[in-house]
Amino acid sequence: MKIIDGKAISLEIKNEVKKEVETLLEKGIKPCLAVILVGENPASQVYVRNKKKACEYVGIKSLSYELSSETSEDELLKLIDSLNKNFECNGILVQLPLPAHIDEEKVLLAIDPKKDVDGFHPYNVGLLSIGNAVLKACTPAGCIELIKRSGIDISGKKCIVVGRSNIVGKPVSMLLTAENATVTLCHSKTKSIEEEIRKGDIIIAAVGKPNFIKGDMISEGAVIIDVGINRLESGKLCGDVDFAECSEKASFITPVPGGVGPMTIAMLMKNCVSACKSQNC
């Protein structure tokens, strides 16, 4: 069994992005990412801080907008509109979740699809579904990179995705299909879900339930990518996969933390540079 090191692979990607940024700077082009945070959610503040650090590391200019939780939807939409029109800004990221009085869907739709570095705009989701996306949802794209950079061939494999969210489950299913996998998307209404999971050569868990996938639910030698981040009552972080049990049978497995998490930010940096290149080159 091999533990897939998300920190090492994400650093590899960030170093590749750094070289791309250096090449753009030589041409007088500086990639720029605008990050908008509304409210004082502690987890969101940590994510935003990590995104700023990553920008600094790869050489991307970062514009930071930290707004109070009282900010109106209209004020937020006006800010997005001004960033859409700002030629210096190549990517716009609105940190979710937003306060209850703001319509998340409306906000995401307001972002120019060419600057949608999260890959959540329906236009980019549509391009993803036909295999033409430049800006792919970061966490799903990170999952694919973890698999490929670990030397695992996806083509022809049976891939089981557990969870059908718009942020992970659905897009990762489309990306796996583009890699010629045979994909089964499982969810709360799936009958005999344990039997389905057991068929998987590659299992991607994104269900949001601590230790949901047990050792007896996977086949010998399966590849396990655990997207879940859950905090137990003890304060300890765990994934959607029972790591202790599944690591006994898996050929490859991601830990939590240190697996998929670091990849999301690395892929965000990659998206920002892709957006900058498509806008300038």
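The values are calculated or read from the model by the stated rules, or taken from the named source; none is laboratory data. Nothing here was measured: the structure is a model prediction, and the numbers come from that model. Ideal geometry is used to build each Cβ from the backbone, glycine not excepted, and the neighbour counts take in all protein chains shown.
Which members of region 88-106 meet the condition of being closer than 16 Å to Cys32 by Cα and free of Cβ contacts under 8 Å to residues at least 60 places away in the same chain?
Glu88, Cys89, Ile92, Val94
Every residue, every condition in (1) in contact (Cβ under 8 Å) with a residue 24 or more places away in the chain; (2) buried (at least 20 other Cβ atoms within 10 Å of the Cβ); (3) assigned by TED's automatic domain parsing to the domain that holds Cys159, yes or no:
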site: Glu196; (1), (2), (3): yes, no, yes
site: Ala205; (1), (2), (3): yes, yes, yes
site: Asp226; (1), (2), (3): yes, yes, yes
site: Leu232; (1), (2), (3): no, no, yes
site: Lys236; (1), (2), (3): no, no, yes
site: Ile253; (1), (2), (3): yes, yes, yes
site: Ala266; (1), (2), (3): yes, yes, no
site: Met269; (1), (2), (3): yes, yes, no
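If you go through region 161-170 one residue at a time, do you hit one that is hydrophobic (A, V, I, L, M, F, W, C) and over 16 Å from Met263 (Cα atoms)?
Yes - at least one qualifying residue is present in region 161-170.
Pull up region 227-258, narrow it to residues that are among the aliphatic types (A, V, I, L, M) and over 19 Å from Pro140 (Cα atoms), then point me to the one that is farthest from the chain's Cα centre (by Cα).
The extreme case among them is Ala244.
Would you check which residues across region 14-62 are among the small types (Gly, Ala, Ser) and under 14 Å from Val273 (Cβ atoms) and list them?
Within region 14-62, Ala54, Gly59, Ser62 qualify.
Does Leu109 meet the test of being assigned to a helix (DSSP H, G or I), in contact with a His (Cβ under 8 Å, 6 or more places away or on another chain), more than 17 Å from Val48 (Cβ to Cβ) and free of Cβ contacts under 8 Å to residues at least 60 places away in the same chain?
yes
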